[in-house]
Every structure is written in C-alpha cells, then in structure tokens.
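S.K.: Here you go, one structure.
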Amino acid sequence: MKHSVDEKPVVLSVVAPMYNEEDSVADTARRVAEALEGFEGRWELVMVNDGSTDGSLAAAQAEAQRDPRVRVVSYEPNAGRGRALRTGFAAARGEIVVSVDFDLSYEPGHIVRLHDRLKDDPSADVVLASAYMPGGTVEGVPWKRLFVSRMGNRVLRHAFAKPIATSTCIVRGYRRRVFEALELRSDGKEIHLEILRKALTLGFEVVEIPGHLRARQKGKSKARMGLTALSHLRFLVEQRPGLVFGTLGGGLLALAMVLGAGAAALAVAGRAAWRAAACAGGGLGLLSALMFACWFLARRDLELERELVALERTHRLLLAGDGRRRVEAKH
C-alpha cells in the first residue's frame, strides 16, 4: 500500500546502515514504521547500502517503491560503518537524526525515546542509548562478545571528559547542528568515538538513556572483536596520554629508584651484584624518561587536535553561511 507524503518538513530522520542484510530489509522497514505509528510529524527511514554484495540494495529499493517514507542511498565498494553513517547524515533531512543498527538489536521503540529526549530537553545535543548504564539491560548476547563490549566501554569511560557508560553503540539521537558542525573522517566503527570526542570538544551536551540490547535475530554480526578492542585501547592512549604514559612512567621510575637504592646498599656491602642492579635501575630510568617524553608529545598532539576541531567547526559554519547567502542572492 502506498503512503501519501505531504510537503511538510521532515522532523525525524532514521539512518540505518546496511551491509548484506537482504533478509532483514522488509522486517526492518516494517518494525520502524510500526514504532513510528502515530508519530506527530513527518519522518523518513534512510537505508544506507554500504556496498552490499547480496540483494540488499534491490530489496531496499523495493521498500522505497512501496513506502515513500523509505529512502535509499548507496555506494560501492563496502567501506565500513563510518562511511555509511557519514553518507546517511549527509542525506538526512530531519532536524533530529537517529542512527540505528540495521538488525534493530536495540528495539525500534528506542527511536521515539531518543527523539523525545531531544525534543523535551533543550540542553541535550546528543542522546545515547546505553545498555550498560543503570536501568539498561542485555538479553541473549553471547558472553564473549558481551565481555569484550563491557570491558571496552569500561576502559573508554576514562577517555572522555565526562563518564559515558556506553560510548560504542550506534543507537543515538542527534540534533542536526551537531553533525553539521563536525568534520567526520572515520570509515569504520571508530566513528562512534570520533563523534563523541569532537562533540564534547566543541561543548555539545551528551546524555544517556537506559537501553535494552538483545542478540540479533537474523543474519550474522559483522563485528571483529579483536580489532575493535585494539582500536579502543588506541583511542584511550590518544585521549588520555597522562593516564597511560604517566602511570607507566611513574611506575618505572619508582622501580628504578628501588633498584638504585638496592645497588647502593649492595655496593656498600661489597657485593658484586650491585653492578647488575645499577644497570637494571638505569635501564628502567631511561624507559621512564621515554614514557614521560611520550606523555608530553601525546599531550601536545591532543591540544593541537582540539584546536583543529574548533577550526574545522568555524570553517564549516562559514561555508554553510556562504551557501545560504548564495541561495538568498538568487531569490
């Protein structure tokens, strides 16, 4: 059945990246439509085909023919979730944009909850669905995957200026002004961390609401848990160099001092082992100095990156203002 679409502005855009999700397309479209039944305002579902090699694109286009609220954007080859989200954000027309897993592991009712939090809370700019905050729940997720995810998010809590219980989930709501201000570059899943890092740097308010995560019902997960864990550790080092290099440097320096004191005591006692202890202490001292040097360099790099983020925002806003002036000049 064809749905009529009026000319009112789009209030809500739902961005759903997909890669080889042929079996889930119709179900996802149906469940999103059911969740938004009775929604006050015009909405759209933007399916982003991330270079699928199965029949996902054809299935999505069939849904768009059936329901004009469904839109499809596509590119080849497969590039990753980050590229898909950036493409979806660029295509979205709503003032509020919600991104979701295509398999809807977080049930589609979260879409309305994220939208309503942004609508009712003028101070919030980004709202995260969080299964790991108080009130959040998890159902049926394999324990190994859940363990890596929980530990990764626990580690990443130390990477941001404010504690965030779940920083890696795609299910989020954004005000349009947020991603319009951000120069996003990530092609992979690290885009979730890039968005938070840059949004917090620019002073946007990020809040969380309890979410319910369940194991996917169709298809297979595309996640590579080992690579994901390594990317989380790298991000922590980049964002909190003092926590990593400072802790390591301080620990190595303490050991060096203990070995130095031991070497002095052995020398006074006339034992030949003092030389080995002194060499070990000297080596640890050098490593400690290297850690502190890495801390200094990483801290400076982080400061420069924050300045760059602010400059990027200014540049994007200037370009947007120039574009609006050109449009106005034509009329």
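S.K.: How compact and how long is segment 50-167, expressed as Rg and Dmax of its alpha-carbon atoms in Å?
M.R.: Rg, Dmax (Cα atoms, Å): 16.7, 46.
S.K.: Going by amide H atoms built from the backbone, whose H comes under 5 Å of the H on GLY136, apart from near neighbours?
M.R.: Close amide H contacts, sequence-distant or interchain: GLY211.
S.K.: Next up: Exactly which chymotrypsin sites (Phe, Trp or Tyr not before Pro) in segment 4-43 are in a DSSP loop and have at most 16 other Cβ atoms within 10 Å?
M.R.: When the chymotrypsin sites (Phe, Trp or Tyr not before Pro) of segment 4-43 are filtered for loop state and at most 16 Cβ neighbours within 10 Å, PHE39 remain.
S.K.: May I pose another question? Would segment 10-238 count as rounded, prolate or oblate if I go by the C-alpha gyration tensor, calling it rounded below 1.5 in a/c and otherwise prolate when a/b exceeds b/c, oblate otherwise?
M.R.: Numbers: a/c = 1.44, a/b = 1.22, b/c = 1.19.
Note, shape of segment 10-238 comes out rounded.
S.K.: What are the residues whose amide H is under 5 Å from the amide H of VAL46, where those residues sit 5 or more places off or on another chain and H is modelled from the backbone?
M.R.: Residues meeting the criterion, in which the H sits 1.01 Å from N, are VAL14, VAL15, ALA16, ARG71.
S.K.: Rounding to the nearest 20 debye, state how big the charge dipole of segment 85-216 is about its Cα centre with +1 on each Lys and Arg Cβ and -1 on each Asp and Glu Cβ.
M.R.: Values: 21 positive and 16 negative charges, 70 e Å.
Result for segment 85-216 is approximately 340 debye, rounded to the nearest 20.
S.K.: Taking amide hydrogens as modeled 1.01 Å from N in the peptide plane, which residues meet the under 5 Å criterion relative to SER74, leaving out close sequence neighbours?
M.R.: Amide H neighbours of SER74, under 5 Å, 5+ apart: ASN49.
Each reported figure results from applying straightforward, stated rules to the coordinates on display, with no laboratory input. What you see is a predicted model, and the numbers here were worked out from it, not measured in a lab. Note that each Cβ is placed from the backbone with ideal geometry, even for glycine, and that neighbours are counted across all protein chains shown.
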